[in-house]
Amino acid sequence: MAAEEIGVGVVGAGWMGHLHARAYARVPHHVAGLARRPRLVAVADPVAAAVDDHRRRYGFARGVDSWEQLVADPEIEAVSCAAPNSRHREIGVAVAEAGKHLWIEKPVGLSSADTAAVAEAVHRSGVCATVGFNYRMVPAVARAKRVLDEGLLGTVTHARFRLLTDFAADPSGVLSWRFTAEHGGTGVLNDLAVHGVDLVRYLVGDLASVVADGERFVPRRPLAAAGSSQYVKGGDDSPTGEVENLDFVSVLGRTGAGAIVTLEASRVAVGDQNDYGFEIHGTRGLLSFDFRRPGELVVAAGDRYVDQSATTWASAPGDGDFALFQPGAGNPTSFDDSKVSECAAFLDGIARGRSGGATIDDALAAARVLDAVAQSIDKRGWVDLGA
Ligand SMILES: NC(=O)c1ccc[n+]([C@@H]2O[C@H](COP(=O)([O-])OP(=O)(O)OC[C@H]3O[C@@H](n4cnc5c(N)ncnc54)[C@H](O)[C@@H]3O)[C@@H](O)[C@H]2O)c1
């Protein structure tokens with residue numbers, strides 16, 4: 001292998017596996033002077049058709065049916081883990097213990113115990129690890145972070161974060177791994193709320209206490225064939241199985257600095273597709289972001305307090321990685337672009353010997369909040385995080 005290449009492998013050839021493979025392929029198009037160019041060595045998935053599709057589309061040299069083969073492959077120095085949540089712990093630990101760098105999808109396991117095991121292995125072996133919290137890579141979100149750090153909003157007083165979507169709203173959608181406690185864990189908490197918790201931490205600060213409630217609105221779904229995604233539909237007379245985790249969660253929390261935060265996540269919000277965003281209020285202003293308008297950040301800041309008008313800022317070079325994609329303001333970046341940014345941060349981290357983007361410690365902090373949220377729902381009361 002040429003010295004300027006880095007051999008990579010992808011575990012899990014589903015939705016996120018596609019995004020990781022595409023990001024590795026695209027990153028040299030966007031990042032000039034990349035220290036080492038990714039080479040797609042192998043993809044692992046137990047579903048042969050998914051492996052073949054990946055190989056055909058992206059040109060992986062090899063396709064295998066078990067992640068162990070990929071971890072043992074001497075040509076692979078960096079591994080993406082895009083398998084179901086239940087596999088993150090064993091794969092993440094094995095990758096780190098093999099001395100390979102790890103790009104792993106959120107939520108990094110089913111619980112904070114799983115995330116802690118991966119974090120410990122990463123720290124023990126000294127590899128780099130980047131986690132799939134891609135919403136913080138969106139240029140408008142990076143600009144929001146800068147605005148907050150510069151104090152333009154004054155002191156943050158209260159904020160709302162939302163991740164509302166409809167992928168599970170149709171009861172004929174099959175019982176994919178996401179709906180089982182064994183593979184999906186807490187459901188909407190691990191799927192969507194985890195992104196919200198990461199954004200709360202990134203933009204507003206660590207939560208010190210939470211109280212939450214949640215519900216499963218669709219109790220049964222048609223049984224799924226292996227590897228089926230949540231978008232596959234069952235027939236009217238298909239046998240059904242029980243949904244074992246939550247469809248919706250609503251969280252009220254307080255940060256260590258005293259800001260009050262609400263976070264709502266739903267996978268059954270009919271009529272709402274990827275309605276992900278936030279409104280952050282400070283003593284002197286407001287920031288508002290909607291992922292469906294990814295190139296826009298609404299800002300109200302000034303000296304009027306009352307009747308202060310809001311302005312829409314178009315993302316521009318200087319906002320996070322915007323300049324990797326477009327030379328001038330107003331051309332919005334995409335979901336896939338956020339994964340290219342994540343990939344660039346991962347590879348840059350490897351080149352510098354320090355984890356880039358959201359780290360495994362960020363994943364662990366978010367997982368601890370989600371454990372507290374689940375505990376709060378169970379005991380029907382506030383839970384202190386001791387932050
Ligand atoms: N960052 C994001 O915005 C985002 C979005 C979606 C999913 N995710 C995360 O990505 C991960 C994968 O989700 P997805 O939507 O791609 O799921 P998916 O169901 O589309 O794909 C999962 C793939 O993993 C394969 N698989 C199952 N067991 C495996 C094993 N033991 N070894 C290797 N592969 C195995 C399945 O056959 C399937 O092809 C999850 O952890 C999920 O939470 C992140």
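What is the Cα centroid distance between segment 281-321 and segment 191-267, reported in whole angstrom?
27 Å
Given the protein chains as shown and a 1.4 Å probe, how many square angstrom of W15 are accessible, to the nearest 10?
130 Å²
What figure in square angstrom, to the nearest 10, would you give for the accessible area of L199 with a 1.4 Å probe?
Surface open to solvent at L199 totals about 20 Å².
Rounded to the nearest 500, what is the 222 nm mean residue ellipticity of the chain from helices alone, with -39500 (n - 2.57) per DSSP H run of 4+ residues and division by all residues? Mind dumping the intermediate values first?
Working: 11 runs with 126 residues, N = 387.
When only DSSP H runs of four or more count, the value is -10000 deg cm²/dmol.
What order do L189, L175 take when sorted by accessible area (1.4 Å probe), most exposed first?
Numbers: L189 0, L175 25 Å².
So the residues, ranked largest to smallest area, are L175, L189.
Only sites in a loop by DSSP and with at most 15 other Cβ atoms within 10 Å count here; which trypsin sites (Lys or Arg not before Pro) in segment 200-262 make the cut?
none
Cα centroids of segment 3-50 and segment 89-130: how far apart, whole angstrom?
Centre-to-centre distance over Cα atoms comes out at 18 Å.
So, for segment 5-133, what is the accessible surface per residue at a probe of 1.4 Å, expressed in square angstrom?
37 Å²
Between their Cα atoms, which of K100/K233; K106/K233; K233/K379; K145/K379; K100/K339; K106/K145 are more than 30 Å away from each other?
Working: K100/K233 38 Å; K106/K233 25 Å; K233/K379 35 Å; K145/K379 34 Å; K100/K339 20 Å; K106/K145 21 Å.
In this structure, K100/K233; K233/K379; K145/K379 exceed 30 Å between Cα atoms.
Carbon-plus-sulfur fraction of the accessible area of the chain, 1.4 Å probe, in percent? Walk me through the numbers before you get to the answer.
Details: 7910 of 15970 Å².
Exposed carbon and sulfur together represent 50 percent of the surface.
Give me D for segment 5-133 in µm² s⁻¹, whole number, from Stokes-Einstein with Rh from the Kirkwood sum over alpha-carbon pairs, 37 °C and 0.692 mPa s. It would help to have the intermediate numbers written out before the result.
Numbers: Rh = 14.4 Å.
The diffusion coefficient I find is 229 µm²/s.
Normalising by the residue count of the chain, find the relative contact order in percent from Cα pairs under 8 Å and 6+ residues apart.
Values: 924 pairs, mean separation 78.6, N = 387.
Value for the chain: 20 percent.
The values are calculated or read from the model by the stated rules, or taken from the named source; none is laboratory data. Predicted model only: the values in this text are computed from it and were never measured. Virtual Cβ from ideal backbone geometry, glycine too; neighbours counted across all protein chains shown. Ligands, DNA and RNA are stripped out before the accessible areas are found, and what is left, the full protein with its side chains, is counted by its heavy atoms. Shrake-Rupley method; radii C 1.70, N 1.55, O 1.52, S 1.80 Å.
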